[in-house]
Amino acid sequence: MQQLNPQIPKQLQNPEFRFNLVKTKDKIPIEKEWTNKNNYPYNHPTLINYILKGGNYGVVCGFGNLLVIDCDKQEAWDLVKNKLPILKENIKE
């Protein structure tokens, strides 16, 4: 039985997607080789335990056809959201 991770948004709870362990309040991965070796599915005990202890996580792009759009300004997000209507079904704001 797969263990669910309530910290990972439902939209990202796909066994093909991968996550890495990141320093708390940062974006720096704490493990080397996180792009090809040290990354975990959403239900992996290593990831879950790290998050439950206050750790942060990053989404590793390139797995499971996941597309990540990262907008630092609201204006940019509004443009993207309005140009790609399919996003409205899958938005996690």
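What follows draws every value from the coordinates through simple rules; no lab data is involved. Since this is a predicted model, take the numbers as computed values, not measurements.
Counting only lysines at least 8 places from residue 81 when in the same chain, those with an alpha carbon closer than 16 Å to its own are 73, 92.
Taking 4 °C and 1.567 mPa s as the conditions, I'd like the Stokes-Einstein D for the stretch 1-68 in µm²/s, using the Kirkwood hydrodynamic radius from alpha carbon pairs.
Working: Rh = 12.0 Å.
D, rounded to a whole number, is 108 µm²/s.
In order along the stretch 10-22, the phi-based Karplus estimate (6.51 cos²θ - 1.76 cosθ + 1.60, θ = phi - 60°) of 3J(HN,Hα) comes to 3, 4, 9, 7, 10, x, 7, 6, 10, 9, 10, 7, 10 Hz; Gly and Pro are listed as x. Karplus-based coupling profile of the stretch 49-62, in residue order and whole Hz: 5, 5, 5, 5, 8, x, x, 10, 9, x, 8, 8, 6, x, with θ = phi - 60° in 6.51 cos²θ - 1.76 cosθ + 1.60 and x standing for Gly or Pro.
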